[in-house]
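A quick write-up on the structure given underneath.
The values are calculated or read from the model by the stated rules, or taken from the named source; none is laboratory data. Quantities reported herein were computed from a predicted structural model and do not represent experimental measurements. So basically every Cβ, Gly included, is an ideal-geometry build from the backbone, and we count neighbours across all protein chains shown.
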Amino acid sequence: MSTSTTASVSTHILDTSVGRPARDVAVRIAARAGRDAGWQPLGGSATDADGRCKDLPDLPDGTTHVRLDFAVEPYFENERAEARQDAPAHRDGGPGVFFPEVTVTFAVVPGEHYHVPLLLNPFGYSVYRGS
């Protein structure tokens, strides 16, 4: 029996405003070894048609914290153009999305898998540790 020395991470995004996966959202991942260490960018991916990132880079040995950066503004701009929707804040001359980026930081331990779903809409979001 082998024991992994690193944690692993996966994510997916559900657009709760339309009840379907959010595709083509850019996701960047960074890691650090200790809360006072600097962030090491590891790369990124984009969500597929099911809203999943299946190819996030592996975490380096010694990782204790992970940061996922979701670039959601382009997704909502594209969705609005396709659906010809006018978000309520946009009608008042404000932005069409309140949170243009979502950053989630969480602690990890070696050998564990962390699935971090993002439930998203133009004016709010929620995250949790999934399975």
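When the test is whether a residue is charged (D, E, K, R), closer than 18 Å to residue 123 by Cα and modelled with pLDDT under 95, residue 86 passes it. Looking across region 48-65, just one residue is closer than 13 Å to residue 8 by Cβ and of a type in the set (Ser, Thr, Tyr), and that is 63. Identify the residue in region 32-56 that is of a type in the set (A, V, I, L, M) and over 15 Å from residue 106 (Cα atoms) and, among all such residues, is surrounded by the fewest Cβ atoms within 10 Å (Cβ to Cβ). Among them, the one singled out is 49. Do the conditions hold for residue 97, that is, is it modelled with pLDDT of 95 or more and either on the phi < 0 side of the Ramachandran plot or part of a loop (DSSP other than H, G, I, E, B) (or both)? In short, no.
Suppose the filter is surrounded by fewer than 18 Cβ atoms within 10 Å (Cβ to Cβ) and modelled with pLDDT of 95 or more; does residue 67 pass it? In short, yes.
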